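Heads up: the structure comes next, in structure tokens.
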């Protein structure tokens, strides 16, 4: 080591020490987090080193890898791993780093903003999957031999943590080193980036601070919006925020992953890894395609500049063509453009036009002679070397300068091969971007400042059945209808005023009542003026249905379908409050099934449950719709009746309920005779709910004491 260090340049030595520190800190952090939670969820160190190596000269990689090995091994030793195991694991990590960095650098000598990012992503992902598999196998063998840990279990944990860590951390590190200061956004408009990051952080925090609903999908709209608006800056900062909050929430044992009943820390960690992986799979391709699209746009601009220079200095192909096709003039630029001499082109040469374009060109010439004016035609013409060149030709019909009354064609043509090919490539890129947008499980749309649709993804057809192509150019009022538009127009005005807004609304589509959550985000131009609105709409019907089902479970007995104790208590409190304002008598009946334990003991709890259901149905059948019957638990039922004029009504109702039990109940082959003991309290004056229940319960006790199959009644406050 002493021989190596003096031979290093000072800057290489300082970078090597920095890499060692990064490897040590990130390794120790990941291991400490794994020790505290019991499961390794994200391995950071290798991604950091790969991102750094891809921006450093390869001639000094040996030094960086050596110091990285030392930092990695030191981090392992810090967490009390045995020396040999630490060295073996550091070797596995170094092997993984070397394979991925070497594969990417072999394919791309230099990585910059001009790199073809889709190809880079393919090479990086392939090498990551292979390298992590090899390092996992080596690490698994090391810990199996050194510590006796099961090979497959450790291999599985290692592989998942390293793949997710490499995809996230290496990408973020590399983009950060490439973008540098640009990562913080354009100067003067960085508040937009801060605003969008705040939206991502707020959404992610809201998702992970509750464990009641599976709302992970809500993270994607603001993240994709940040990627669309800020490209790699939005990708890096957005994924970093989501990954950090996901790891923290998983470590603390909170968030939607806790919805799994009895889920272990391992299961929660796996879900977190899957979520982070899916997040990268959704956001990274979008950022890569946007980057390629930007490169194509730049190429188009550069190509147009080159064409302007050619027109100014080299000249376009210019011809004067007589009605019979003979050329009166062919410019010398024909030699530079198509390789032909001027004399080769003085006679008509339709054979040089591409066979697929001949009919179209002939029709354009015929129409020009018939209608006059000018026409622009793009077609392919054969170069003297045998390949075809795309030409854009402007043809204008003008009087012949020879004064013979003939009309000649003035032809100006230029080579637009590069532009056409670039347009085709740009169209392919837009098609790929559209494919991604169409498969995002949300309706993504854009309307201009006049509320006309300019973009709608294909998911709208899944939601409402509308054709997205037919929506383009129409207003929101025309597409959504007056009723829905009236609910939306206030939010649209807010967004067009420059403020993002999130809201929920309901609508009927395809015969189904549907709930939606929509985000309206202002679309601002380079001057900060609002020129439209982005709309991201998510179907949250299943969430609302779960909420309604939970409400039902909280207020109704799952066995009988009657009201439960909570619902009854709230209803009685409301009735007593109304009684204070408008005095009227209330009737409370406490009901027990006589000797119900014998039913369970004789025929089992299945028969007992069916008996309780039938008792509830028969009691319900004796009451008015506005009266309330509830099951308090076990074989205890309670009835609350309002507007009772006299005690005779209470006695009549008690006898009616008892009479309803006289027919035997049949459960399968079992026939059961059921009787009831009933305590009735008629309240004329205001009492508390507890006192009211105690009065009725006391009467129930009397009925039981008198031999059951009876009712007892008392009037309170008469």
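Where a number appears in this text, it was derived from the coordinates with a stated rule and is not lab data. Since this is a predicted model, take the numbers as computed values, not measurements. Here the Cβ positions follow ideal geometry from the backbone for every residue, glycine too, while neighbour counts run over all protein chains shown.
Brief remarks follow.
- On the basis of the beta-carbon distance and an R0 of 22 Å, residue 17 and residue 95 show a calculated FRET efficiency of 0.50.
- Under the simplified labelling scheme, the residue 546-residue 32 pair shows an inter-label distance of 3.5 nm, with each label point 7 Å from Cα along Cα→Cβ.
- Difference of contour (0.36 nm per residue) and Cα-Cα distance, residue 376 to residue 626: 82.0 nm
- In degrees, nearest ten, helix 417-439 long axis to first principal axis of the chain (Cα): 0
- The chain, relative contact order [Cα under 8 Å, separation at least 6], %: 7
- Applying 0.36 nm per residue to the separation of residue 151 and residue 25 and subtracting their alpha-carbon distance, the gain on full extension is 42.7 nm.
- Convex hull volume per residue in cubic angstrom - Cα atoms of segment 1-181: 116
- The chain: angle of helix 61-78 to the longest principal axis, Cα-based, in degrees nearest 10: 10
- Calculated FRET efficiency, residue 344 to residue 421, Cβ-Cβ distance, R0 = 25 Å: about 0.45 to the nearest 0.05.
- Highest to lowest packing among 671-684, 192-205, scored as the average C-beta count within 10 Å: 671-684, 192-205
- Of (1) 199; (2) 300; (3) 174, the label for volume of the Cα convex hull per residue in Å³ derived from the coordinates: (2)
- Spin-label zone in segment 275-293 - amide nitrogen under 20 Å from a point set 7 Å from the Cα of residue 177 along the C-beta vector: 288
- Counting neighbouring beta carbons within 10 Å and listing from fewest to most, the residues 605, 452 come out as 605, 452.
- Using the Cβ-Cβ distance between residue 407 and residue 110 with R0 set to 51 Å, the FRET efficiency works out to roughly 0.35.
- Here the spin labels are modelled as points 7 Å beyond Cα on the Cα-Cβ line, and at residue 598 and residue 259 they lie 4.9 nm apart.
- Helix 151-165 and the longest principal axis of the C-alpha atoms of the chain enclose an angle of approximately 60°.
- Expected 222 nm ellipticity per residue - DSSP helices of 4 or more, -39500 (n - 2.57), all of the chain, to 500: -18500 deg cm²/dmol
- A crude spin-label estimate for the pair residue 297 and residue 504, with each label 7 Å from Cα along the Cβ direction, gives 3.7 nm.
- The slack in the chain from residue 659 to residue 281, taken as 0.36 nm per residue of separation less the alpha-carbon distance, amounts to 129.3 nm.
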